[in-house]
Amino acid sequence: MTRNRERRAGWGLVAPALMWLALFFALPFALMVGLSLSRLEGRVVAPGFGLDNYLRFFTEPSLLRGLVVSLEITAIVTVVSVVLAYPLAWIIAFQVPKRWQRLALVLAILPFWTSYVVRSYAWLLVLGQNGVVNRALVASGLVDAPLILSATRFATVTGFVHFFTMLLTLTIYANLVQLSPNYARAAADLGAGRFATFRHVILPLTLPGVMTGAFLTFVLCIGDYITPQILGGNNELTLPQLIMMQLGRRGDFPMASAMAVILMAVVSLAYLACARWLRLERV
C-alpha cells in the first residue's frame with residue numbers, strides 16, 4: 001500500500017513535466033513530421049503522405065550542400081573550441097588562486113550575458129572592411145588593401161568559437177575541480193612526468209566533461225541561424241538559413257518541415273553516438 005502511494009506521488013511530481021514536454025515538444029514535432037509529408041501546390045499546402053520533400057532534399061545539390069556546410073562548420077567550431085577551452089579551464093582550475101576563481105569564471109562567461117545578435121554585430125564591426133582588424137593591418141603596412149574577413153566562413157567560425165569556448169570552459173572546469181589530487185600524486189610516485197600524467201590520467205578522467213560540452217556545442221551550433229546569417233552572409237548557406245529561406249521567400253512549409261526533421265535526425269544521431277561512447281568509457 002505504501003509502495004503504491006509512493007508510486008502515485010512520484011507520477012504526480014513527474015506529470016507536469018511530462019505534460020509540458022508532450023504539449024510543447026512531442027505534439028509540435030508530430031505536426032511538423034506530418035506537414036513534411038505534405039506538398040506545396042501553388043501557395044496552398046496539399047495534405048498527403050509522400051516522401052517527395054525528402055527525396056528533393058537529397059537529390060537537389062543546393063539543399064544537400066546546406067547540410068554539408070552546417071556539418072563542416074560545426075565540426076570546425078567544436079574542435080577549435082575544445083582546443084581553446086581546455087587550457088583556459090585548466091588555468092582557472094589550477095593556476096588561479098581559489099579566491100579569484102569565481103571572478104575568473106565570471107569574466108570567462110561574459111559572452112553569455114549578451115544576445116546572439118549583439119555578439120554577431122560586434123564581430124561584424126571587428127571583421128568588416130572598415131573594422132578594427134583591417135584598420136590595424138593597413139596601418140601597420142602588412143596589407144595594402146582591406147581583407148575580406150566578413151561574409152565568410154572564417155567570420156562565422158570566429159563568432160561561434162567566441163561563444164562556445166566559454167560554454168566548454170564551464171563543463172571542463174567542472175570536471176577538473178572534481179578530480180582528486182591523489183591521482184596526480186600517485187602517477188608522480190610511479191615515475192610519470194607532467195605530460196604523461198596529463199595524457200594517461202587527467203585527460204581520460206575529464207573526457208566525459210569534454211564530450212558533454214562538445215555535444216552541447218554541436219547541437220547549438222548546427223541549429224543556429226543568426227550567427228551565419230550576420231557574419232557569413234549568403235555566400236555559403238547553412239541548413240538553418242535554407243530552412244528560413246523556404247519559409248520566408250517561398251512559403252514552402254512542407255519542405256521547411258522536412259529539412260527541420262532531417263536536422264533533428266542529425267542531432268539525434270550525434271546524441272546516440274555521444275551516449276554510446278560515454279557508456280563504453282564507463283565499462
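General remarks:
- Scanning segment 124-167 for residues that are farther than 23 Å from LEU110 by Cα, in a helix (DSSP H, G or I) and not β-branched (Val, Ile, Thr) yields ASN134, ARG135, ALA136, LEU137, ALA139, SER140, ARG153.
- Where helices (runs of 4 or more DSSP H) fall entirely within segment 194-283, none has at least 2 residues that are under 12 Å from SER70 (Cβ atoms) and of a type in the set (Gly, Ala, Ser).
- Count of segment 133-162 residues which are closer than 28 Å to LEU103 by Cα and either among the basic types (Lys, Arg) or in contact with a Ser or Thr (Cβ under 8 Å, 6 or more places away or on another chain) (or both): 3
- Qualifying residue in segment 131-147 (condition: free of Cβ contacts under 8 Å to residues at least 40 places away in the same chain, closer than 22 Å to GLN229 by Cβ and surrounded by fewer than 13 Cβ atoms within 10 Å (Cβ to Cβ)): yes
- Hits in segment 98-113 (condition: modelled with pLDDT of 80 or more and touching a helix residue (DSSP H, G or I) at 6+ places or on another chain (Cβ under 8 Å)): GLN101, ALA104, LEU105
- Unmet criterion (only one of (1) within 15 Å of LEU168 (Cβ to Cβ); (2) of a type outside the set (Asp, Glu); (3) surrounded by 16 or more Cβ atoms within 10 Å (Cβ to Cβ)) for LEU71: (1)
- Of all the listed residues (PHE112, PHE154), the sole one being closer than 18 Å to GLU236 by Cα, under 19 Å from the mean Cα position of the chain (by Cα) and aromatic (Phe, Trp, Tyr) is PHE154.
The values are calculated or read from the model by the stated rules, or taken from the named source; none is laboratory data. Quick caveat, the model's predicted, so the values are computed rather than measured. All Cβ positions, even for glycine, are placed from backbone atoms using ideal geometry, and neighbour counts span all protein chains on display.
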